[in-house]
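These notes concern the structure reproduced below.
The values are calculated or read from the model by the stated rules, or taken from the named source; none is laboratory data. Values in this document were obtained by computation on a predicted structure and should not be read as measured data. Here Cβ is always computed from backbone atoms with ideal geometry, including for glycine, and neighbour counts include all displayed protein chains.
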Ligand code: DSN
């Protein structure tokens, strides 16, 4: 019997139980989601789609995958969904493969301003295979200037425009993005990996009516298993005039499905798809909206508390679950890496993050990113988040003081005893 891995899984559970988790892309799934992921479904091969598989014995997983698709369509008001992408990056890769040719121009949000690696970063395949161009935020406001996005689109003639981010605390003007995409003849993709749960709760702008294609992960604010999805509000005939042997236009749903399989992936992870279906069921319940409202309220309180302690939040505040903090607003000599290291000694987990117009490298950074989705799932409300902001400030301000950090860790561990996990 392997005791080493079970001991390490137990150690990770204890870490999750006793620490404050503020990584903006993480969350705590329900026990039901965990159970589905750890089920016998992992044994099944099911290349293809429900009713059209390349393996026998798929009658049960067909029902599971169809349920996941139907629930996801209901949750977002979408006509089409693909639940097979193994991750958000795989979902984006499958879309790019479906709608672009190598060398085509794309326009996405700059990674160093809060965008995502898979939206054209030069170190990612998306920036190697396609001609990547970027829009960013204004230095003074920390927000995206839509007139400049339009100007950039007119200059570079992208085939695909991508909106969505990993570290942007403001909502997105999908309607204006669509007007720009239409003007330059581009398709519009929204990657809603971060705010998906808040969009499902109808607490943020809805990309579905405006964007040709929407991708997401399922494990951030949506609180499901680690994975990706692709959706379309309405299916449409491909814009390149491709037809079937019978001369009928090929629909985008067919193009995206074959972009995922066989284009990008092999066998779908049916245990993860079942867990996605459980998470979509949970997100369809009325209390998920209550959860989303609390996530946003907690983020706003935490941002206010940090601002009152001298921290600079990019864009001045937050409308979603996260905030990006420029440490240069308060310290001259503390990098994001220093802050991350100090906080981890107090059992507070965040991640260092580049800030727009950063003067430090990606390994050091001048910023940290904080998100409230995970701790809200644990049951924390505004007063708890005010307290967390105080501890964050104390830890960063005393990054060299081991005794202080150790005392903070004890307080944090005691605090977390109130919020049991997977008991
Ligand atoms: N999902 C990204 C994040 O926001 O942490 C990393 O790829």
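Observations, loosely collected:
- Matching residues in the stretch 187-205 - criterion: being away from the ligand (no atom under 16 Å from the Cβ), part of a loop (DSSP other than H, G, I, E, B) and within 18 Å of residue 291 (Cβ to Cβ): 201, 202, 203, 204
Residue by residue, here is whether (1) surrounded by fewer than 24 Cβ atoms within 10 Å (Cβ to Cβ); (2) closer than 19 Å to residue 412 by Cβ holds:
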| position | (1), (2) |
| --- | --- |
| 314 | no, no |
| 327 | yes, no |
| 331 | yes, no |
| 345 | yes, yes |
| 356 | yes, no |
| 359 | yes, no |
| 367 | no, no |
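- Members of the stretch 308-326 found to be touching a strand residue (DSSP E or B) at 6+ places or on another chain (Cβ under 6 Å) and either part of a helix (DSSP H, G or I) or over 28 Å from residue 201 (Cβ atoms) (or both), listed by number: 312, 314, 326
- In the stretch 80-97, the residues that are within 16 Å of the ligand (Cβ to nearest atom), surrounded by fewer than 23 Cβ atoms within 10 Å (Cβ to Cβ) and part of a helix (DSSP H, G or I): 89, 90
- Selection within the stretch 369-383: residues that are surrounded by 20 or more Cβ atoms within 10 Å (Cβ to Cβ) and not in a strand (DSSP E or B). The member of this set that is farthest from the chain's Cα centre (by Cα) is 380.
- Only one of the listed residues (332, 244, 290) is free of Cβ contacts under 8 Å to residues at least 40 places away in the same chain and within 26 Å of residue 97 (Cα to Cα). That residue is 244.
- Just one residue in the set 169, 126 is crowded, with 20+ Cβ neighbours inside 10 Å, within 16 Å of the ligand (Cβ to nearest atom), within 23 Å of the chain's Cα centre (by Cα) and within 21 Å of residue 212 (Cα to Cα); that residue is 126.
- Out of 352, 404, one residue alone is in a helix (DSSP H, G or I), modelled with pLDDT of 95 or more and farther than 30 Å from residue 287 by Cα. It is 404.
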